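> Got a structure here, written out as structure tokens. Questions coming.
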Amino acid sequence: MSERYPHLQPDVRLLVERSRQERIAFVQSDQWIGYPAATAAMDRLESILHHARARRMENCLLIGDSNNGKSTILETFAARHGDPVRLREPDGPTGHRPLSVVLIEMPKEANEALFWEAILERMRCAPPRRSENLMRYTCAILDQLAVRMLMIDELHNITRLPPRAQRDRLLLLKSLSNRLRLPIVAAGTRDAEAALKTDEQTANRFEPFVLPRWRLNQEFRSFVASYERLLPMPEPSNLADKEPLTALFNVSEGTVGRVVRVIQRATETAIEAGKPRVDLGLIEAASRLPYGGERRRAAG
């Protein structure tokens, strides 16, 4: 059976003759495709993770537009280094490993306790007794577990805080990195970069890494072709051909999340209708559906 569908990755070929529900569930699941910008970002994070401990640690701010793959990069990197998050990778590692990386989302509220509680929850640690200092308790566990990197998604959430709370949160990041000699990798929109620049000392500690929007070029074609190999359809859809590729680019707004969601919707419709492949009409129909507020589904 696995040799019948050479246009698909070997493990995906086995899904083609499964039920519609199973195929759709797979299409909706998170995937990883290492396109050049995402691979370069992963390499940068590896370099930071393995950097020797120093008085002033190397930090990084991953900058990109909404739905342009920032969170998936963080999640995939964290999964490779022991964080509880899991994404499917074609040849990815499995099982539990030491907790080298902790990934949280920056709280939107001014209450600093929520920041420390988010870290403890991610490490699956019980909260401290009321008499204990929350920051000191959390730092002690980070040190005890030999956590080597803290990753903070949605850093731009701090722009929703009052100015004083923003300054306090930035000073907290600097203090945490200094105290534990722990590298911090954050991700956010350009608003996050602007927020960091309000405190020069903190901004100087975070090297920006920009994820650009797609252009209609060979990299975009390669990404779409690679993603098609993950769609359990019995016939090739040839999404990287000129017409479907141009249609996908035109509706993608240059972001990876948008193009993935359109492909997913079109594939779901094709499976439900019993079609053997995704055609241009399905892509155009999927692109007209409302899009907003959805979690990015995949890819880099």
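> When the residues of region 233-251 are narrowed to those that are over 18 Å from GLU284 (Cβ atoms) and touching an Asp or Glu at 6+ places or on another chain (Cβ under 9 Å), which ends up surrounded by the most Cβ atoms within 10 Å (Cβ to Cβ)?
Restricting to residues being over 18 Å from GLU284 (Cβ atoms) and touching an Asp or Glu at 6+ places or on another chain (Cβ under 9 Å), the top hit is PRO236.
> Also: Are any residues in region 47-88 within 15 Å of the chain's Cα centre (by Cα), modelled with pLDDT of 90 or more and open to solvent by 30 Å² or more (accessible area, probe 1.4 Å), and if so, which ones?
Answer for region 47-88, where residues must be within 15 Å of the chain's Cα centre (by Cα), modelled with pLDDT of 90 or more and open to solvent by 30 Å² or more (accessible area, probe 1.4 Å): just ASP65.
> Which members of region 167-217 meet the condition of being open to solvent by 40 Å² or more (accessible area, probe 1.4 Å) and closer than 19 Å to ALA113 by Cα?
ARG167, ASP168, LEU171, SER175, ARG179
> Oh, and also: For region 279-291, name all the residues that are part of a loop (DSSP other than H, G, I, E, B) and either charged (D, E, K, R) or open to solvent by less than 50 Å² (accessible area, probe 1.4 Å) (or both).
Of everything in region 279-291, those that are part of a loop (DSSP other than H, G, I, E, B) and either charged (D, E, K, R) or open to solvent by less than 50 Å² (accessible area, probe 1.4 Å) (or both) turn out to be ASP279, ARG288.
> On to the next question. From the residues in region 252-278 that are open to solvent by less than 60 Å² (accessible area, probe 1.4 Å) and either modelled with pLDDT under 90 or outside any helix (DSSP H, G or I) (or both), which one is nearest to ARG4 (Cα to Cα)?
PRO276
> Also: All but one of (1) assigned to a helix (DSSP H, G or I); (2) open to solvent by 50 Å² or more (accessible area, probe 1.4 Å); (3) among the hydrophobic types (A, V, I, L, M, F, W, C) hold for ALA146; which doesn't?
In the conditions (1) assigned to a helix (DSSP H, G or I); (2) open to solvent by 50 Å² or more (accessible area, probe 1.4 Å); (3) among the hydrophobic types (A, V, I, L, M, F, W, C), ALA146 misses (1) alone.
> Among residues belonging to region 218-232 that are part of a helix (DSSP H, G or I) and among the aliphatic types (A, V, I, L, M), point out the one that is surrounded by the most Cβ atoms within 10 Å (Cβ to Cβ).
This residue is VAL224.
> May I pose another question? For ARG129, all conditions in the list (1) modelled with pLDDT under 90; (2) surrounded by fewer than 16 Cβ atoms within 10 Å (Cβ to Cβ); (3) within 22 Å of the chain's Cα centre (by Cα) hold save one; what is the number of the exception?
Looking at each condition in turn, ARG129 falls short on (3).
> Restricting attention to region 29-46, report how many residues are modelled with pLDDT under 90 and of a type in the set (Asp, Glu).
Qualifying residue count for the region: 1.
> Residues of region 13-52 being outside any loop (DSSP other than H, G, I, E, B) and among the hydroxyl-bearing types (Ser, Thr, Tyr), which ones?
THR39, SER47
> Can I ask one more? On the basis of being over 15 Å from ALA37 (Cβ atoms) and free of Cβ contacts under 8 Å to residues at least 24 places away in the same chain, does ALA225 make the cut?
Judged against the criteria, ALA225 is a match.
> If we scan region 154-162, do we find a residue that is more than 26 Å from the chain's Cα centre (by Cα), open to solvent by 30 Å² or more (accessible area, probe 1.4 Å) and modelled with pLDDT of 90 or more?
Within region 154-162 (the criterion being more than 26 Å from the chain's Cα centre (by Cα), open to solvent by 30 Å² or more (accessible area, probe 1.4 Å) and modelled with pLDDT of 90 or more), the answer is yes, since at least one residue qualifies.
The values are calculated or read from the model by the stated rules, or taken from the named source; none is laboratory data. What you are looking at is a predicted structure, and each value in this text was computed from that prediction instead of being measured. Positions of Cβ are backbone-derived with ideal geometry, glycine not excepted, and every protein chain shown enters the neighbour counts. The protein model used for the area step is the full one, side chains on, heavy atoms only, and it has no ligands, DNA or RNA in it. Shrake-Rupley method; radii C 1.70, N 1.55, O 1.52, S 1.80 Å.
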